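Here's the structure, in structure tokens; my notes come after.
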Amino acid sequence: MPLTLEETNLLIAVLGIKVPPAVLEQKVLEEKFRKREAEVAARSGEMQQRSDGSKLQGLFNQAGTVAKGKDFAAALKLLDQVEAGLAMPDPADEYRMREAEIGNRSGEMKQRGDGAKILELFGQAAAAAAANDFAAAEKLLDQVEAGLAQPDPAEAFRKRAAGIKARSGEMTQRNDGAKLKDLFDQAAIAAAGDDFAAAMNLLIQVEAGLSAPDAPPPPPPTPSALAVWRDAKDAVDAQCGQLYDKLKRVGLPVLIEAANQIENVLGGYRTKLVVALTNFDGAAGDAKEKARTAAIEVIGAYQDSIPNDIHVIAADSNPFGVQVTIRETLGAALNRLRQQLSSV
């Protein structure tokens, strides 16, 4: 059995034995540890009743293990942690007190736009507390209280949305009004899903748009190439239809033949360019360039042949009082098509 500090000091005094200072210091630490160990052990009942008792008991057991290895300085530090823990209020008591205070505000939580999120945090805190993780539980309660301290996001959204809705007339008159209205509708959808952060960001975009100068009106859409030719051809066909009717009403075979020849010639100017323009309108990527080249080639051929076609000239200069403008109308359409296709 090792000598106590008192017995060691007696030997030094009576026998004059020289004991190294380190040994004496070790004896002092050991005596101090044994005394404090007994004092803490006497509070084991108190320790067991605490929510953090298993943690404190673990530190106490660890101190005993370290002391067996003669590291009394480290063992004493562990006892310091145990005693500091015992000196603190039981974290379960503190948590339950805060939990009860916040629980009394459950009605307020349910009425808020972010109430579901706050209640979820409150439930997570309770789950952490049930697992004796009171540090995590307290942090979650901090988040709950911080949320309750903020203005209700649903109320803030409704107020801001009402202000924008009052400007709906202004929005309607703007060129970019449809875009702003779409953002406003997206905000309403986000708010309906309780995503008030996203909803408010969208309202901010709407307000910024209303504060900015109005966007210029969108340019008129470029008509399809086929539509340009079709419209011109329809106008010419209508004119020629009147001419054909008049020639056929006269009843002379030569005039009927002339009407049929003009109709056949104009019919020949329909198919090839219609196919080329249809291909161009529907093409994309590399195929677009190929279709454009093919269409411009047909346009050039028409521009060369239509003004010099004797049947076209005869229709345009007919002496029967029917206005026909094949060269003028189709020529203008072909010029427009060449310009449109060359600028793409």
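Here is a yes/no grid of residues against (1) basic (Lys, Arg); (2) over 17 Å from residue 328 (Cβ atoms):
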site: 227; (1), (2): no, yes
site: 241; (1), (2): no, yes
site: 245; (1), (2): no, yes
site: 249; (1), (2): yes, yes
site: 256; (1), (2): no, yes
site: 267; (1), (2): no, yes
site: 289; (1), (2): no, yes
site: 303; (1), (2): no, no
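Could you list, ordered by first residue, the pairs with Cβ atoms under 9 Å in which the first is in region 159-176 and crowded, with 17+ Cβ neighbours inside 10 Å and the second is of a type in the set (D, E, K, R) and modelled with pLDDT of 90 or more, at least 6 apart or interchain?
160/207; 164/207; 171/181
Look through region 312-329, keep the residues that are charged (D, E, K, R) and either exposed (fewer than 13 other Cβ atoms within 10 Å of the Cβ) or farther than 16 Å from residue 258 by Cα (or both), and return whichever of them is farthest from the chain's Cα centre (by Cα).
327
Would you check if there is a residue in region 267-280 being without any contact (Cβ under 8 Å) to a residue 12 or more places away in the chain and in contact with a helix residue (DSSP H, G or I) (Cβ under 6 Å, 6 or more places away or on another chain)?
There is no residue in region 267-280 that is without any contact (Cβ under 8 Å) to a residue 12 or more places away in the chain and in contact with a helix residue (DSSP H, G or I) (Cβ under 6 Å, 6 or more places away or on another chain).
Of everything in region 18-73, what is modelled with pLDDT of 80 or more and hydroxyl-bearing (Ser, Thr, Tyr)? Give them in sequence order.
44, 54, 65 - these are the residues of region 18-73 that are modelled with pLDDT of 80 or more and hydroxyl-bearing (Ser, Thr, Tyr).
Across region 230-253, which residue is nearest to residue 322 (Cα to Cα) among those that are at pLDDT below 90 and either touching a helix residue (DSSP H, G or I) at 6+ places or on another chain (Cβ under 6 Å) or of a type in the set (A, V, I, L, M, F, W, C) (or both)?
Within region 230-253, the match that is nearest to residue 322 (Cα to Cα) is 243.
Those residues that are touching a residue at least 24 places away in the same chain (Cβ under 8 Å) and among the aromatic types (Phe, Trp, Tyr), I need them from region 225-245; list them, please.
229
If residue 117 satisfies all but one of (1) touching a residue at least 40 places away in the same chain (Cβ under 8 Å); (2) touching a Leu at 6+ places or on another chain (Cβ under 9 Å); (3) closer than 17 Å to residue 196 by Cα, what's the number of the condition it fails?
Every listed condition holds for residue 117 apart from (2).
Can you tell me which of 60, 122 is outside the structural domain of residue 143 (by TED's automatic domain parsing), buried (at least 19 other Cβ atoms within 10 Å of the Cβ) and not acidic (Asp, Glu)?
So the residue among 60, 122 that is outside the structural domain of residue 143 (by TED's automatic domain parsing), buried (at least 19 other Cβ atoms within 10 Å of the Cβ) and not acidic (Asp, Glu) is 60.
Working only within region 285-313, note down all residues that are among the aliphatic types (A, V, I, L, M) and out of contact with any helix residue (DSSP H, G or I) (no Cβ under 7 Å at 6 or more places or on another chain).
287, 301, 310, 313, listed by residue number.
Matching residues to (1) surrounded by fewer than 17 Cβ atoms within 10 Å (Cβ to Cβ); (2) in contact with a Pro (Cβ under 8 Å, 6 or more places away or on another chain); (3) hydrophobic (A, V, I, L, M, F, W, C):
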| position | (1), (2), (3) |
| --- | --- |
| 185 | yes, no, no |
| 193 | yes, no, no |
| 196 | no, yes, yes |
| 201 | yes, no, no |
| 216 | yes, no, no |
| 235 | yes, no, yes |
| 240 | no, no, yes |
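Please list, ordered by residue number, the helices (runs of 4 or more DSSP H) wholly in region 145-237 having 1 or more residues that are over 23 Å from the mean Cα position of the chain (by Cα) and more than 30 Å from residue 266 (Cβ to Cβ).
By residue number, 153-165, 168-173, 196-211.
The values are calculated or read from the model by the stated rules, or taken from the named source; none is laboratory data. Computed from a prediction, not measured in an experiment: that's the story for all the values here. For neighbour counting, all protein chains shown are included, and Cβ atoms are generated from backbone atoms with ideal geometry for every residue, glycine included.
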